[in-house]
Structures are given as structure tokens and as C-alpha cells.
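Each remark here refers to the structure printed beneath this line.
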Amino acid sequence: MPEFPVPEEAAALAADAIRREMRASRDIDPEDIARVALEAAAPVLAEAVAQKILAHMEAHGPAPEAPGVTRHEVLRRAWLRHFSIAARVAAGAFYTADDLKRLAAEAIERGDFIACNIPEVPDVSS
């Protein structure tokens with residue numbers, strides 16, 4: 001078994017994309033099939049990579065220090081922040097502009113956003 005197996009969902013999405021491509025055309029270019037399959041599986045693979053990054057962070061992060069050691073806590077927070085950013089980048093590496101718009105709309109529907117109306121920042125909505 002490989003160290004990083006391909007998630008079943010990614011394999012299924014790739015297979016479905018290949019089947020659709022093969023039904024749509026008799027003149028099939030292997031590179032086109034590979035591109036279609038990878039595009040279909042990319043979001044799932046990216047999320048799997050993000051989870052591996054987070055698992056590595058949790059397994060190998062800085063060890064907790066004695067209470068009151070502030071420098072270590074600063075380093076620990078930086079460690080967590082950097083790995084969290086890496087995981088988010090991996091998860092969104094293959095998002096298209098439409099994917100980002102959809103995710104933003106979903107976040108707004110859930111109320112997961114912050115609005116700031118201050119004089120220093122001009123309102124560009126009007």
C-alpha cells in the first residue's frame with residue numbers, strides 16, 4: 001500500500017470524467033483524457049493533501065513547554081499558523097474563479113464574513 005493512496009472519491013470522479021469523455025468523442029487524445037480526469041479529481045486530491053499537512057503539523061509540532069514560557073508559545077502559534085496556511089493553500093490550489101465565487105457565496109449565506117464600515121476605507125459598493 002502506498003504512503004499516500006489516492007482517495008476513492010478522487011478515483012471515482014476521474015473514472016466518471018474519463019467515461020464521459022470517451023462517450024462524447026470517438027477520436028480520443030490521451031492527454032485530453034488525462035487532463036479531464038485530473039481536473040475532476042483535483043479538488044478531492046487537494047483536500048487529501050491538506051489533511052496530510054495538518055496531520056504532519058499535529059504529529060511533529062513544537063512540544064508544549066512549561067506554563068509561563070511566552071517565547072515558546074509565540075513559536076508554537078507561528079508553527080500552527082504556517083501549517084494552517086499551507087493546508088488552506090493545498091486545499092484551494094485547484095479552485096477556479098467560479099469555485100471561489102461559489103465558496104464566498106456559501107460563506108456569506110452562513111454568515112461567515114466580517115464587514116467593516118470605517119471612514120478610512122472607502123465604500124466601493126455604490
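Volume per residue, Å³, of the convex hull around the alpha-carbon atoms of segment 8-110?
147
In what sequence do 83, 113 fall when counting other Cβ within 10 Å, fewest first?
On the way: 83 17, 113 9.
Least to most surrounded, the residues fall as 113, 83.
Just how far, in whole angstrom, is segment 90-116 from segment 1-46 if you go by their alpha carbon centroids?
Between the Cα centre of segment 1-46 and that of segment 90-116, the gap is 25 Å.
Since every read-out is calculated from the coordinates, none of them should be taken as a lab result. Small disclaimer: the values here were computed from a predicted structure and weren't measured. All Cβ positions, even for glycine, are placed from backbone atoms using ideal geometry, and neighbour counts span all protein chains on display.
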